[in-house]
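Quick notes on the structure that follows.
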Amino acid sequence: MTSINIIPVELNHPQQQAVEHTEGPLLVLAGAGSGKTRVLACRAAHLVNSGLAEPYQILALTFTNKAAAELKSRIVAMIGPEGVGVTAGTFHSTFARIMRREGLNIEIDPHFTIVDADDRRRLIAKNALQSPDDFTAQGNEPLDIIAAEVYRIYERRLERMNGLDFNDLLIRPIRAFREHPDFLERLQKRFRYVLVDEFQDTNYAQYVLVREIARGHGNLCVVGDDDQAIYGWRGANLGNILDFERDWPKTRVIRLEQNYRSTKPILNVAWSVIKHNMKRRSKKLWTVKDDGLPVELIEAVSDEDEALKVTGYIEEEHIRNNRPLNEMAILYRTNAQSLAFERALRSAKIGYKVVGGLRFYERKEIRDVLAYLRLIVNPADDVSLLRIINYPPRGIGKALLTDVQARARAENTSLSQAISTHIADPELSPRRRNILQKFLDLMGGFRNRIGELSFPDLVGEIITKTDLKSRLETEDKDDPSHAESRIGNLNSLLMDIRRYVDLNPEGSVESFLEEVSLVTDADLVDESVAGVNLLTLHSAKGLEFKVVFIVGLEDGLLPLSPRDNNTRLEDIDEERRLFYVGATRAMDRLVLSYALNRFRWGSPGTGLPSRFLREIPPEMLKVKGDFGYTMKHGSGFPKRKSRASLEIPHYATMPRDSKTASRIGPDELRKGLLVKHFKFGLGVIVDFRRNGFESRIDVDFDDAGKKTLVLKYAKLEVVK
């Protein structure tokens, strides 16, 4: 074993304690930006370098591929090449690999297909380890009975196609623990030390997995932060971290409270909000970075005005302060909020990228190629077969496919098997028999080439023999540029596969399909691409940016509430944690914003500033706005300065292309619209009285203040 320093990096005292506590259960309460990844990597290195474990005896579980790769690279940097032997990955990818390796021992076909979000109907009950019978027993309501039957049908179809959905990747190993005790015993003996990152995000099934593997030796180290538990809506159980000592009475608890990411003003604002949650572990972040810009609050008339003002801040940071665009992020509660910011950024000619939009591997032409690959690996994959059996068109029409599906149901077989049986039917016409046989021959030929061709060459052959590129040109004959873009996506897929093979010499078609099926939004943030990051607060988890804008801070939006405003206290607590996560993504500058008027549920409405803003002491916020609105509603904000003393956001003074403006007419009047006056400059419409061209309009100009103008003489232009 390589002889190097046991811990070759500098650690603070609590971090050192977490690394050196090697025996027995350990709970590390790691606040945002407190160096938890460093602790996990150093702990693994310490176990190996001190001779307590071989690399292969360490199991490290994370929630994103990006986090797993970062953890693995740090371990390798500290202990050398043998560090690749550490099993580090997401829960889903790790147990998918274990089941492929152990499949025949636990009655699982190792060539199973992972059924992704677009190919399945997600059933929430599975997160709680419920079977269809369990689900039925819970209620006798008609909808419950229907749901249970749908659940049974879904399970039968998954079994027939040799498919596992995301929940199965966790449930099936647990079932195997009960049915094959020797399987669990092998895992317990192999993984003598279990490390879990982001423990607050684990659901019941994930907790059972780590509990059972660590039960024998008790060497379970979990790292997490209950203040960042934001996934209750998808089954995460906050009780896993709050009640950890109940299952592990000898647990040592260590708190990491020194923050290395954010400035003191940012941490103070985050703390002032999160401390209002009742169910939380006692801890408070601190930093030696005492200096820093004050946290700012933008008051906007409308969502459009909000987007323009935020864009102004971005222009200021980028042009005047030379800040790279990819170091900035706009965080919002719902995806629908991105539209106004996209429009404003395009108008200002500022590059941006929307995280969590249509992913590369969700594009139709890419999914078509992946369907061919999945069917090659797993002939029982009915979902993939239905996608490509007649794409590109090969004469297998709806009537013929219906006959094949009927045979599959009658014989309880996969569609591939049903096709083989159908071909032997003497009543089948020669033309139909020939068409089906050609399809089977095509897929069989691809399957035989797996051992003959490299992975990239196999994909190239699929694209060529199916003539996919010509098909795309035909489909987009009226839009050649779109066809060219889609063909370019196929070329990008080939390049990505080549990169995958270079990085994973032992990787297989199955492992590649597994990786692209389990990718998350956080894995897709490409920090090398220039552009402001637009993403939801949930997608921002695990990331950090120099400058962060948290927008839409209004009651009903953040915290989010349903249309009937029937919000539970625990939901508000999770929304408060979501704000805390967003705020602690910021390293140097944090800007908050809310709008007085916003379109929601398809209609305009007036909102109140978020209750979270009202939890922040007035002296912690530098307010940019002069609407008097927050004072009127008793928010506790400081008194406003006179307009002359206010700092005007820079968006008002930045040059804009005159082609983006058009003369406004009486029918276009609406509050919140950004307009331009030849003398007063940029302003926002705050009120109007429509009367044809005798209409009067109140505009709040950034430099001249509020003015009442007669529309037909005002010569106002709409800024788009």
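Scanning region 285-307 for residues that are open to solvent by 20 Å² or more (accessible area, probe 1.4 Å), touching a helix residue (DSSP H, G or I) at 6+ places or on another chain (Cβ under 6 Å) and touching a residue at least 60 places away in the same chain (Cβ under 8 Å) gives 285, 292, 294, 303, 304.
A search for C-beta distances below 9 Å between a residue of region 100-111 that is part of a loop (DSSP other than H, G, I, E, B) and any residue that is of a type in the set (Asp, Glu), counting only pairs 6+ apart in sequence or on different chains, returns 106/179; 107/179; 108/102; 110/102; 110/510; 111/510.
Right, residue 118: under 24 Å from residue 181 (Cα atoms), at pLDDT below 75, surrounded by fewer than 16 Cβ atoms within 10 Å (Cβ to Cβ) and not small (Gly, Ala, Ser) or not? Judged against the criteria, residue 118 is not a match. Which of the residues that make up region 51-64 are surrounded by 18 or more Cβ atoms within 10 Å (Cβ to Cβ) and not in a loop (DSSP other than H, G, I, E, B)? If the condition is that a residue be surrounded by 18 or more Cβ atoms within 10 Å (Cβ to Cβ) and not in a loop (DSSP other than H, G, I, E, B), then 55, 57, 58, 59, 60, 61, 62 are the ones that fit. Annotation note: of 435, 462, 487, the sole residue that is surrounded by 12 or more Cβ atoms within 10 Å (Cβ to Cβ) and at pLDDT below 90 is 487.
From the list 363, 374, 323, exactly one residue is open to solvent by less than 40 Å² (accessible area, probe 1.4 Å), farther than 21 Å from residue 270 by Cβ and in contact (Cβ under 8 Å) with a residue 40 or more places away in the chain. Which is it?
From the options 363, 374, 323, the qualifying one is 374.
Of all residues in region 167-188, those being out of contact with any helix residue (DSSP H, G or I) (no Cβ under 9 Å at 6 or more places or on another chain) and either among the basic types (Lys, Arg) or in a loop (DSSP other than H, G, I, E, B) (or both) number 1.
If you check residue 153 against the conditions, is it within 23 Å of residue 513 (Cα to Cα), among the β-branched types (Val, Ile, Thr) and at pLDDT 65 or above? So residue 153 fails the test. Restricting the search to strands (runs of 3 or more DSSP E) fully inside region 561-649 and requiring at least 3 residues that are at pLDDT 80 or above and closer than 30 Å to residue 542 by Cβ gives 586-600, 621-624.
Taking each residue of region 469-493 that is in a helix (DSSP H, G or I) and looking for partners that are aromatic (Phe, Trp, Tyr) and surrounded by 14 or more Cβ atoms within 10 Å (Cβ to Cβ) with beta-carbon atoms closer than 8 Å, six or more apart or interchain, yields 471/391.
Summed over region 377-402, the residues that are closer than 21 Å to residue 158 by Cα and surrounded by 14 or more Cβ atoms within 10 Å (Cβ to Cβ) give a count of 14. Among the residues making up region 415-451, those that are in a helix (DSSP H, G or I) and of a type in the set (Lys, Arg) are 431, 432, 433, 438, 447.
Among the residues in region 391-414, are any among the charged types (D, E, K, R), under 40 Å from the mean Cα position of the chain (by Cα) and either within 24 Å of residue 369 (Cα to Cα) or in a loop (DSSP other than H, G, I, E, B) (or both)? Yes, because at least one residue in region 391-414 is among the charged types (D, E, K, R), under 40 Å from the mean Cα position of the chain (by Cα) and either within 24 Å of residue 369 (Cα to Cα) or in a loop (DSSP other than H, G, I, E, B) (or both). Looking at 158, 164, just one residue is of a type in the set (A, V, I, L, M, F, W, C) and either open to solvent by 20 Å² or more (accessible area, probe 1.4 Å) or at pLDDT 85 or above (or both), and that residue is 164. Looking across region 679-705 at every residue that is farther than 25 Å from residue 347 by Cα and at pLDDT 75 or above, the one that is least open to solvent (accessible area, probe 1.4 Å) is identified as 688. For region 510-525, the tally of residues that are in contact with a strand residue (DSSP E or B) (Cβ under 8 Å, 6 or more places away or on another chain), modelled with pLDDT of 65 or more and within 27 Å of residue 331 (Cα to Cα) stands at 2. Scanning region 308-320 for residues that are of a type in the set (Val, Ile, Thr) and either under 23 Å from residue 608 (Cβ atoms) or buried (at least 22 other Cβ atoms within 10 Å of the Cβ) (or both) yields 310, 311, 314. Of the residues making up region 352-359, not a single one is more than 23 Å from the chain's Cα centre (by Cα) and either modelled with pLDDT of 90 or more or surrounded by fewer than 22 Cβ atoms within 10 Å (Cβ to Cβ) (or both). Does residue 177 satisfy being over 30 Å from residue 50 (Cα atoms), of a type in the set (Phe, Trp, Tyr), buried (at least 16 other Cβ atoms within 10 Å of the Cβ) and modelled with pLDDT of 85 or more? Spelling it out, residue 177 is indeed over 30 Å from residue 50 (Cα atoms), of a type in the set (Phe, Trp, Tyr), buried (at least 16 other Cβ atoms within 10 Å of the Cβ) and modelled with pLDDT of 85 or more. Taking the stated definitions as given, is residue 59 at pLDDT 95 or above and under 29 Å from residue 267 (Cα atoms)? Spelling it out, it is not the case that residue 59 is at pLDDT 95 or above and under 29 Å from residue 267 (Cα atoms). Residues of region 77-96 that are free of Cβ contacts under 8 Å to residues at least 60 places away in the same chain and crowded, with 18+ Cβ neighbours inside 10 Å: 83, 86, 88, 89, 94. Looking at 554, 544, just one residue is in contact with a strand residue (DSSP E or B) (Cβ under 9 Å, 6 or more places away or on another chain), crowded, with 20+ Cβ neighbours inside 10 Å and of a type in the set (D, E, K, R), and that residue is 554.
The values are calculated or read from the model by the stated rules, or taken from the named source; none is laboratory data. Here the structure is a predicted model, which means the values were calculated and not measured. Note that we place each Cβ from the backbone using ideal geometry, even for glycine, and neighbour counts take in every protein chain shown. For the accessible areas, the whole protein counts, side chains as well, though only heavy atoms, and no ligand, DNA or RNA atoms are used. Shrake-Rupley method; radii C 1.70, N 1.55, O 1.52, S 1.80 Å.
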